[in-house]
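For reference, the structure discussed in these notes is given below.
The values are calculated or read from the model by the stated rules, or taken from the named source; none is laboratory data. As the structure is a prediction and not an experimental result, all values here were calculated from the model. Neighbour counts run over all protein chains shown; Cβ positions are idealised from the backbone, glycine included. The area values use the complete protein model at the heavy-atom level, side chains included, leaving out ligands, DNA and RNA. Shrake-Rupley method; radii C 1.70, N 1.55, O 1.52, S 1.80 Å.
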Amino acid sequence: SAVISQKPSRDICQRGTSLTIQCQVDSQVTMMFWYRQQPGQSLTLIATANQGSEATYESGFVIDKFPISRPNLTFSTLTVSNMSPEDSSIYLCSVSPANYGYTFGSGTRLTVV
Amino acid sequence: EDKVVQSPLSLVVHEGDTVTLNCSYEVTNFRSLLWYKQEKKAPTFLFMLTSSGIEKKSGRLSSILDKKELFSILNITATQTGDSAIYLCAWGPSGNTPLVFGKGTRLSVIA
């Protein structure tokens, strides 16, 4: 299965600032998925990132708030913009390079103060 | 709307107990159902089920899928405190589509 390196592992940020989360995969994958997990909640899909095209966002998530880059088949970034305390969550990237073998990055724990 | 429903949402047991976690689904285009264990941040893979009636086992954990009744169960026997975690059930339509997660079951095993 694929191995994903996700950075940073955690961060504490001031409200109004932005944080960019990176995911590097050890193999080429078509799709990368970004999830958010708010405290006490399950994983919610933010968007799907396909290399060479705009990311597809789920209802309730917009590009201005969560811009995503996907410059090649092994890398993606998610930016959390103009942060507020409500953005405090775990953010996870995920891939499925070999039919149904979903792998997750190690996660980013974001705290906004 | 596709959905995955887990029950119970939380559970407290004593070490040595056996627990059964439930996952029902109402989805279109079923391909696979997956179970994950989440202790800190990243979910770790437990099982992927695609065929009905075939039990998958890994140590004290086992899981089975019933495609007729649209549910799966995850069993943990002889529970240990290290089994304390959130157990997530997810539906996977295909490799190029994201997983859809249930709300999870928070299991607490006390000594």
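If you check B:T105, B:T77, which single one turns out to be within 14 Å of chain A (Cβ to nearest Cβ) and not hydrophobic (A, V, I, L, M, F, W, C)?
Details: B:T77 fails: within 14 Å of chain A (Cβ to nearest Cβ).
Selected residue: B:T105, the only one of B:T105, B:T77 that is within 14 Å of chain A (Cβ to nearest Cβ) and not hydrophobic (A, V, I, L, M, F, W, C).
With respect to B:L70, is the statement that it is more than 14 Å from chain A (Cβ to nearest Cβ) and modelled with pLDDT of 95 or more true? Spell out how you get there, then give the answer.
Numbers: more than 14 Å from chain A (Cβ to nearest Cβ): yes; modelled with pLDDT of 95 or more: no.
No.
What's the number of the only condition in (1) free of Cβ contacts under 8 Å to residues at least 12 places away in the same chain; (2) over 25 Å from B:E39 (Cβ atoms) that A:T20 fails to meet?
With (1) free of Cβ contacts under 8 Å to residues at least 12 places away in the same chain; (2) over 25 Å from B:E39 (Cβ atoms) applied to A:T20, the lone miss is (1).
With respect to B:R106, determine if the residue is within 28 Å of A:S59 (Cβ to Cβ) and basic (K, R).
yes
What do you reckon, is B:P98 in contact (Cβ under 8 Å) with a residue 40 or more places away in the chain and either within 14 Å of chain A (Cβ to nearest Cβ) or crowded, with 17+ Cβ neighbours inside 10 Å (or both)?
Values: in contact (Cβ under 8 Å) with a residue 40 or more places away in the chain: no; either within 14 Å of chain A (Cβ to nearest Cβ) or crowded, with 17+ Cβ neighbours inside 10 Å (or both): yes.
No.
When you go through (1) open to solvent by 40 Å² or more (accessible area, probe 1.4 Å); (2) β-branched (V, I, T); (3) in contact (Cβ under 8 Å) with a residue 60 or more places away in the chain one by one for B:V4, which number turns out not to apply?
(1)
For the list (1) in contact (Cβ under 8 Å) with a residue 24 or more places away in the chain; (2) crowded, with 16+ Cβ neighbours inside 10 Å, I need the number of the one condition that A:T48 fails.
So A:T48 meets the others, but not (1).
Are any residues in segment A:66-113 open to solvent by less than 40 Å² (accessible area, probe 1.4 Å), away from every other protein chain (no Cβ under 13 Å) and among the polar types (S, T, N, Q), and if so, which ones?
Within segment A:66-113, A:T74, A:S76, A:T77, A:T79, A:S81, A:S84, A:S88 qualify.
Go through segment A:52-105 and give me each residue that's in contact (Cβ under 8 Å) with a residue 40 or more places away in the chain, in a loop (DSSP other than H, G, I, E, B), more than 11 Å from the chain's Cα centre (by Cα) and within 21 Å of B:L99 (Cβ to Cβ).
A:L73, A:T74, A:S96, A:P97, A:A98, A:G101, listed by residue number.
Give me a count of the residues in segment B:19-62 that are touching a residue at least 12 places away in the same chain (Cβ under 8 Å) and part of a loop (DSSP other than H, G, I, E, B).
Step one: list which residues in segment B:19-62 are touching a residue at least 12 places away in the same chain (Cβ under 8 Å), which gives B:19-39, B:43, B:46-53, B:58, B:60-62.
Next, only the ones that are part of a loop (DSSP other than H, G, I, E, B) stay: B:27-31, B:39, B:50-53, B:60.
Result for segment B:19-62: 11.
Test B:T105 against the criterion of being buried (at least 20 other Cβ atoms within 10 Å of the Cβ) and of a type in the set (S, T, Y), and give yes or no. Step through it out loud before you land on a result.
Values: buried (at least 20 other Cβ atoms within 10 Å of the Cβ): yes; of a type in the set (S, T, Y): yes.
Judged against the criteria, B:T105 is a match.
Restricting attention to segment B:41-58, and to residues there that are more than 7 Å from chain A (Cβ to nearest Cβ) and basic (K, R), which single residue is most open to solvent (accessible area, probe 1.4 Å)?
This residue is B:K57.
Could you tell me whether any residue of segment B:27-40 is surrounded by 13 or more Cβ atoms within 10 Å (Cβ to Cβ), away from chain A (no Cβ under 14 Å) and under 20 Å from A:L45 (Cα atoms)? Write out each step before concluding.
From segment B:27-40, those surrounded by 13 or more Cβ atoms within 10 Å (Cβ to Cβ) are B:27, B:30-38; that's our starting set.
After this cut, where a residue has to be away from chain A (no Cβ under 14 Å) as well, the list is B:27.
Among the residues that remain, those that are also under 20 Å from A:L45 (Cα atoms) are: B:27.
Yes, segment B:27-40 contains at least one residue that is surrounded by 13 or more Cβ atoms within 10 Å (Cβ to Cβ), away from chain A (no Cβ under 14 Å) and under 20 Å from A:L45 (Cα atoms).
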